Amino acid sequence: MTALLSPLSADFVLRALLGGALVAAICGVVGTWVVIRGMAFLGEAIGHAMLPGVALATVLGAPVLAGAAISAAVMSAAIGVLQRRGRLSYDTSIGLLFVAMLSLGVIIVSHSRSFATDATALLFGDILAIRTTDLAALAVALIATLLLAAVFHRSFVAAAFDPRIAHTLGLRPQLAHLVLTGLVTLAVVASFQAVGTLLVVGLLLAPAVAAKAWTSRIPATMIGAVLVGIAAVISGLLASWHWGTAAGASISAAAILFAALSSAARAAARAAARAVARAVTAHAAPRGPRRPAESGTAAGAATAAGAAGAAEGLSEDTPPRPLTAAAQAATERNA
């Protein structure tokens with residue numbers, strides 16, 4: 001056990017673990033709503049839409065996180081504009097903007113010869129390079145996520161189940177949708193350094209899926225998703241250290257593995273519960289009366305047996321019964 005946990009003694013691994021835990025908390029809260037609302041494609045699109053901002057920031061020597069945040073914010077705002085003013089559906093708007101932003105990013109990257117290393121870190125993450133300033137930024141992002149999720153909780157719930165009722169209650173479902181889109185953007189931007197843009201959706205969805213398999217209550221799902229995400233970060237970092245694999249990919253793979261195991265365990269538990277319920281019901285069921293056909297048959301058989309016995313008693317082979325004393329005296333007088 002000591003050898004297994006020995007990597008945690010290194011300072012940069014501890015920073016990576018703390019940063020991963022903060023990212024897992026952000027993704028656990030936001031990912032619960034992403035799973036409930038079916039917004040997985042939005043998370044994937046925003047993850048890839050950060051490429052032009054990151055590429056431009058790298059070329060200009062600006063902070064990469066700032067470029068990613070600006071690019072993702074532009075993507076989110078453009079989705080809202082197309083959905084309100086255009087005639088395109090939500091998925092169509094996301095698909096078009098996703099391809100447009102990704103193409104722009106590739107064009108910028110193609111003009112930069114020194115972008116190969118930075119692109120690798122962008123696509124697959126570099127959680128072991130997290131600094132103290134990054135931890136502070138992640139802590140601020142987590143606080144903002146928790147505050148917005150708490151303030152708009154009722155609006156999120158109402159809009160998730162029936163936007164018309166939410167509008168009737170004055171909860172402004174359109175504003176709630178915009179805020180939720182902003183939270184998804186914040187979660188993706190906060191996570192891309194840990195797991196990269198290609199794998200961020202795994203950390204956003206898998207812990208929530210694993211937790212949702214065991215409960216339907218939203219707060220409980222969020223707490224479970226955070227715990228599963230932290231477990232995935234720890235497992236991924238240890239696997240990366242001992243097996244020499246990429247840290248971001250190991251974290252995402254661990255999260256998806258936990259989701260698969262959780263779903264399988266829940267299915268097995270439900271099957272076992274159904275089998276036990278059937279066995280208890282069958283054992284406790286009272287025995288009903290005999291069917292009428294069986295009763296009639298038995299009665300008929302008894303009647304037939306009685307008739308046969310009477311006929312048997314009147315047959316010639318049966319010896320006559322002895323006469324009583326009174327009957328014998330009357331017979332002698334008549335004689």
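Within segment 160-204, track down each residue that is of a type in the set (Gly, Ala, Ser) and closer than 19 Å to Val81 by Cα.
Ala176, Gly182
Could we say that Gly236 is in contact with a Ser or Thr (Cβ under 8 Å, 6 or more places away or on another chain), at pLDDT 90 or above and under 23 Å from Leu14 (Cα atoms) here?
yes
Which numbered condition in (1) surrounded by fewer than 23 Cβ atoms within 10 Å (Cβ to Cβ); (2) of a type outside the set (Gly, Ala, Ser); (3) closer than 18 Å to Gly19 by Cα is the only one that Leu203 fails?
(1)
Which of (1) modelled with pLDDT of 85 or more; (2) farther than 26 Å from Pro63 by Cβ; (3) surrounded by 12 or more Cβ atoms within 10 Å (Cβ to Cβ) does Ala150 not meet, given it meets every other one?
Checking Ala150 against (1) modelled with pLDDT of 85 or more; (2) farther than 26 Å from Pro63 by Cβ; (3) surrounded by 12 or more Cβ atoms within 10 Å (Cβ to Cβ), the one that fails is (3).
Please state which of the following conditions Ala213 fails to meet, knowing it meets all the rest: (1) buried (at least 17 other Cβ atoms within 10 Å of the Cβ); (2) hydrophobic (A, V, I, L, M, F, W, C); (3) out of contact with any Lys or Arg (no Cβ under 9 Å at 6 or more places or on another chain).
(3)
Kindly check whether there is at least one residue in segment 98-113 that is of a type in the set (Gly, Ala, Ser) and closer than 30 Å to Ala210 by Cβ.
No, that holds for no residue.
Given the residues Ala166, Ala194, Ala220, Ala176, which is the only one that is under 22 Å from Ile127 (Cβ atoms), part of a helix (DSSP H, G or I) and either modelled with pLDDT under 90 or hydrophobic (A, V, I, L, M, F, W, C) (or both)?
Ala194
Go through segment 128-174 and count every residue that is among the β-branched types (Val, Ile, Thr), under 19 Å from Ile26 (Cα atoms) and without any contact (Cβ under 8 Å) to a residue 12 or more places away in the chain.
Residues flagged as among the β-branched types (Val, Ile, Thr), under 19 Å from Ile26 (Cα atoms) and without any contact (Cβ under 8 Å) to a residue 12 or more places away in the chain within segment 128-174 amount to 4.
What's the number of the condition Ala187 fails, among (1) among the small types (Gly, Ala, Ser); (2) in a helix (DSSP H, G or I); (3) more than 17 Å from Gly20 (Cα to Cα)?
Status for Ala187: all satisfied but (3).
Enumerate the helices (runs of 4 or more DSSP H) found wholly within segment 1-110, keeping only those where 2 or more residues are in contact (Cβ under 8 Å) with a residue 24 or more places away in the chain and crowded, with 19+ Cβ neighbours inside 10 Å.
Once the helices (runs of 4 or more DSSP H) in segment 1-110 are filtered for at least 2 residues that are in contact (Cβ under 8 Å) with a residue 24 or more places away in the chain and crowded, with 19+ Cβ neighbours inside 10 Å, what remains is 11-37, 40-60, 64-85, 90-110.
I'm trying to understand the selection: among the residues of segment 175-223, which are polar (S, T, N, Q) and either touching a strand residue (DSSP E or B) at 6+ places or on another chain (Cβ under 7 Å) or touching a residue at least 40 places away in the same chain (Cβ under 8 Å) (or both)?
Answer for segment 175-223, where residues must be polar (S, T, N, Q) and either touching a strand residue (DSSP E or B) at 6+ places or on another chain (Cβ under 7 Å) or touching a residue at least 40 places away in the same chain (Cβ under 8 Å) (or both): Thr181, Thr185, Ser191, Gln193, Thr197, Thr221.
How many residues does segment 241-252 contain that are free of Cβ contacts under 8 Å to residues at least 40 places away in the same chain and in a helix (DSSP H, G or I)?
Summing the residues that are free of Cβ contacts under 8 Å to residues at least 40 places away in the same chain and in a helix (DSSP H, G or I) in segment 241-252 gives 2.
The values are calculated or read from the model by the stated rules, or taken from the named source; none is laboratory data. Since this is a predicted model, take the numbers as computed values, not measurements. For neighbour counting, all protein chains shown are included, and Cβ atoms are generated from backbone atoms with ideal geometry for every residue, glycine included.
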